[in-house]
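Each value in this text was obtained by applying a stated rule to the coordinates, not by laboratory testing. Since we're looking at a predicted model, the values are computed, not measured. Here the Cβ positions follow ideal geometry from the backbone for every residue, glycine too, while neighbour counts run over all protein chains shown.
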Amino acid sequence: MYVQWILIKRIFAGHSPLRFTALMTAINILMAIGVFYYMTVVVGTSSGSRAQIYRFYGGVAAFMSVGVSMNALLTVGLNAVAKAINDERNQGTLSYWIMCQPRLLKLVLQASLGEFLLAGVNALVTFALLVALFGVHFHVNLLSFAVVAAVSLLAVVGVGLVAASLNITGNTGQNPILWAWGLTTNFMAGVFVPIEVFDNPFIHTVSSAVPVTHALLAMRSAVLRDAPLDDPILDAHLLYWGLFAVLMLPLGAWLFRRGLDRALMRGNLVQS
Amino acid sequence: MRPGDDDPVAVATLRHAMHAGEPASATATGRAARPAMIEAVGLWKEYPVKRGKPPKRVICGAHLRVGAGRVHCMMGLSGAGKSTLVGMLAGLLTPSRGTINFNGQPASSEVLRQNVALSLGIDGGFYGRLSVHENLEFFGALIGIPRARLHARSNDVLGLVGLKRAGAAEYRTLSSGQRRQAHLARALIVQRPFLIADEPTRGLDPATEQHIVDLLYEIKKSGQTMLVVTHDVHLASGLADWVSVLDSGVVIKSAAPIDLLHLLTSTRIYIRFHDDPTRAVKRLARLPGLTELHVHESEVHCYTQDPEHDLNEVIRIVVDEDLEIAHIDVPEPGLEEVFMKVIAERKHLEQERRLAAHTAKGHTP
């Protein structure tokens with residue numbers, strides 16, 4: 001517990017003063033709400049099949065608020081693993097982590113948990129404000145919500161480890177995994193609009209293949225439609241997202257281990 | 001034959017090798033007086049540079065042996081490969097070739113990391129905005145010290161290194177010297193069988209330096225096995241049971257300090273010129289009293305068994321040749337002199353080797 005406490009404390013005691021960090025976070029939340037408002041105005045008057053989908057998930061505001069909050073949570077969460085590695089390497093503490101704790105993977109996950117919790121609070125505040133300002137009504141199935149959240153955590157940890165495996169070997173530039181994740185989720189995962197609006201069959205197929213699309217739809221079913229675990233729509237999306245998590249988690253752990261071996265070979269953990 | 005074994009036969013061999021002008025890196029070995037806690041056997045570390053180009057060699061077949069309960073000091077010029085060797089011994093760097101044995105068994109990087117406490121002479125490695133206590137307690141908790149004992153243990157080690165008053169201060173507010181002390185405190189809190197202290201006295205004020213030196217002696221008295229990397233020859237000559245000199249990734253000399261001093265069979269006259277000393281060097285080489293002569297750019301090292309007589313001769317030649325001396329010195333015999341001598345010999349050999357290779361290619365020297 002003490003290790004966890006220090007790992008969380010070190011985030012608050014980071015390079016930026018706490019008040020400045022809090023201010024930036026508040027501005028980010030307000031920006032997200034602004035973008036959200038803009039998008040509801042743009043697509044709020046939609047009709048036809050798109051309108052039907054929005055209605056199915058409780059309306060435009062409800063559809064978007066879950067999409068925005070969940071996507072933010074996933075993105076920050078998966079960045080957290082790579083960020084933990086980067087921060088520790090830059091401070092020179094990573095080599096001491098590895099000397100004091102043979103299970104580095106566990107420690108890295110513990111370290112990213114703090115970031116993930118912060119992202120969770122951030123998403124929750126955004127979510128609460130959206131609900132208050134736009135009058136979103138929820139029909140939550142707690143069990144389904146818990147299962148989707150747990151699967152999401154596993155998937156994010158898996159992808160995060162894949163991304164961190166590049167960071168641990170000394171990559172300080174753009175992380176291609178995080179870049180690809182951001183690109184596909186922002187434009188193709190149906191954060192603001194249902195993927196059915198993409199008339200181009202190629203884009204539609206790609207959007208359907210993006211795992212986050214299914215994560216968002218599963219979460220929307222769980223919190224906006226009160227869908228139980230045997231709901232066929234929820235199940236289809238949850239299965240896809242779950243398979244992705246099952247694939248990514250061991251792959252991430254393996255690549256991270258391999259990245260660590262490469263870092264030991266290249267000397268990325270030695271500070272002089 | 002491996003350097004690092006505390007064996008008189010090995011020292012004699014080293015001495016012989018030195019007089020014979022051979023590179024001594026692979027000369028000394030023999031039976032071990034004490035069981036080795038850590039032993040590096042033929043370690044190599046190479047880094048790939050670019051495709052099609054040869055890798056950059058940082059460590060080239062280094063041997064090092066530290067007996068249980070012994071203090072081994074490693075010396076070498078900057079860029080000699082000390083940090084790389086330390087990284088490999090601490091399990092933070094995988095050797096390209098060779099093995100590291102721990103207590104007689106080949107050890108993986110993981111085994112080394114679990115048995116080595118590392119104190120680096122650098123500023124990083126701590127959380128700047130957390131207090132020294134919190135930092136130490138964090139690393140203590142990582143190795144599994146129970147929460148109830150963490151603060152007391154942290155207090156103890158801070159007291160040992162003389163940093164108790166700064167325990168509540170944020171790490172970033174510490175001076176460079178205090179940061180060295182904090183590094184040593186962390187190495188002590190983790191309590192491992194093998195302690196590596198990389199330049200523990202670098203950047204310290206004289207009082208703190210003395211405190212740390214005293215502490216190192218205390219640690220030695222407790223029977224802790226240590227590898228101390230240092231440029232401080234006085235520290236090495238007093239503290240070390242064994243001294244190794246590393247140059248260009250090779251352990252070029254390794255012996256007990258007293259035996260290393262015996263290697264000094266001659267006194268060095270050191271001259272640095274303002275001009276090119278080639279003219280004087282040609283005449284100096286013909287002086288019958290000089291046993292060795294090493295030249296590196298504008299620096300000339302003359303070795304003699306009769307310094308009083310030969311110093312006059314050397315000065316006479318320099319004056320004859322109308323050369324301007326920037327600095328001249330006849331250093332007292334000591335470990336520093338041994339260090340300078342072995343480094344100079346090594347450079348001399350390398351120079352000769354390069355020249356030979358150059359000539360073999362058909363170029364005029």
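Tabulate in residue order the Karplus-calculated ³J(HN,Hα) for segment B:208-218, using 6.51 cos²θ - 1.76 cosθ + 1.60 with θ = phi - 60°, rounded to whole Hz; enter x for Gly and Pro.
Karplus-based 3J(HN,Hα) across segment B:208-218 equals 5, 4, 4, 4, 5, 4, 4, 4, 4, 5, 4 Hz.
Around B:Pro206, what is the net charge, scoring Lys/Arg as +1 and Asp/Glu as -1 over all other residues with Cβ under 15 Å from its Cβ?
Result for the local shell: -2.
Given R₀ = 56 Å, FRET efficiency for B:Ser175-A:Gln52 by Cβ-Cβ distance, to 0.05?
Efficiency, rounded to the nearest 0.05: 0.25.
For a quick size check, give me the Cα extents of chain B along its three principal axes, largest first, whole Å.
75, 44, 42
If a/c stays under 1.5 just call it rounded; otherwise compare a/b with b/c (prolate if a/b is bigger, oblate if not). Do that for segment A:168-272, with a ≥ b ≥ c from the square roots of the Cα gyration tensor eigenvalues.
prolate
Can you give me the long-range amide H partners of B:Ser96? Hydrogens built in the peptide plane at 1.01 Å from N, cutoff under 5 Å, separation of 5 or more residues or another chain.
Amide H to amide H, under 5 Å and 5 or more residues apart or across chains, B:Ser96 pairs with B:Trp44, B:Lys45, B:Glu46.
Beta carbons within 10 angstrom, averaged per residue: use that to sort the peptides A:95-102, B:270-277, B:51-58, highest first.
A:95-102, B:270-277, B:51-58
How do the peptides A:206-213, B:284-291, B:307-314 rank, highest first, by the average count of neighbouring beta carbon atoms within 10 Å per residue?
Output ranking for A:206-213, B:284-291, B:307-314: A:206-213, B:307-314, B:284-291.
If you take the Cα atoms of segment B:299-347, find Rg, then find the Kirkwood Rh from the mean of 1/r over all pairs, what is Rg/Rh?
So for segment B:299-347, dividing Rg by the Kirkwood Rh gives 0.99.
Quickly work out the B:Val111-to-A:Trp5 label distance, labels modelled 7 Å from Cα along the C-beta direction, and quote it in nm with one decimal.
Each label point is offset 7 Å from its Cα along the Cβ direction, giving 3.7 nm.
Distances longer than 33 Å among the Cα atoms of chain A: what percent of all pairs is that?
That fraction is 25 percent.
Mind pulling the angle between the C-alpha long axis of helix B:307-320 and the longest principal axis of chain B? Nearest 10 degrees, somewhere in 0 to 90.
60
Taking each residue of B:84-97 in turn, how many C-beta atoms of other protein chains fall within 10 Å of its C-beta, and what is the average?
What the average comes to for B:84-97 is 4.
Assuming R0 = 45 Å, can you tell me the calculated FRET efficiency for the pair B:His234 and B:Asn103, based on Cβ-Cβ distance, to the nearest 0.05?
Once the sixth-power term is evaluated, E becomes 0.90.
Could you size up the charge dipole of chain B around its Cα centre, putting +1 on the beta carbon of Lys and Arg and -1 on that of Asp and Glu, and report it in debye to the nearest 20?
Result for chain B is approximately 1900 debye, rounded to the nearest 20.
What length, rounded to one decimal in nm, is gained on full extension from A:Phe187 through to A:Met24, with 0.36 nm per residue of separation minus their alpha-carbon distance?
Full extension of this stretch gives 56.2 nm more.
Partner chain Cβ atoms within 10 Å, averaged over the residues of B:127-139 - can you pull that number for me?
Partner Cβ neighbours, averaged per residue: 5.
Return the average number of partner chain Cβ atoms within 10 angstrom of each residue Cβ along peptide A:88-99.
That works out to 6 on average.
Once you compute Rg and the Kirkwood Rh from C-alpha atoms, what is the Rg to Rh ratio for the protein assembly as shown?
Expressed as Rg/Rh, it is 1.12.
How many nm is it between the label spots at A:Ala132 and B:His358, if each spot is 7 Å from the Cα in line with the beta carbon?
Reported label-point gap for A:Ala132 and B:His358 is 7.9 nm.
Once phi is turned into θ = phi - 60°, what whole-Hz ³J(HN,Hα) does the Karplus curve with 6.51, -1.76 and 1.60 give for every residue of segment B:40-56, x standing for Gly and Pro?
Here the 3J(HN,Hα) series is 9, 10, x, 7, 10, 9, 10, 10, x, 9, 9, 4, x, 9, x, x, 7 Hz.
Search the structure for amide H atoms under 5 Å from the amide H of B:Leu227, placed 1.01 Å from N in the peptide plane, and list their residues when 5 or more places away or on another chain.
B:His72, B:Leu195, B:Ile196, B:Ala197
What's the local net charge at A:Asn79, with K and R +1, D and E -1, over the other residues with C-beta under 12 Å away?
With Lys, Arg at +1 and Asp, Glu at -1, the neighbours total -1.
Arranged from highest to lowest average of other beta-carbon atoms within 10 Å per residue, in what order do the peptides B:139-150, A:108-119, B:176-187 appear?
Ranked from most to least packed, the peptides come out as B:176-187, A:108-119, B:139-150.
How far apart, in nm, are two points set 7 Å out from the Cα along the Cα-to-Cβ line at A:Ile203 and at B:Glu308?
Using points 7 Å along Cα→Cβ, the separation is 9.7 nm.
I need the calculated FRET efficiency for the pair A:Leu229 and B:Ala168, taking r as the beta carbon distance and R₀ as 30 Å, to the nearest 0.05.
0.05
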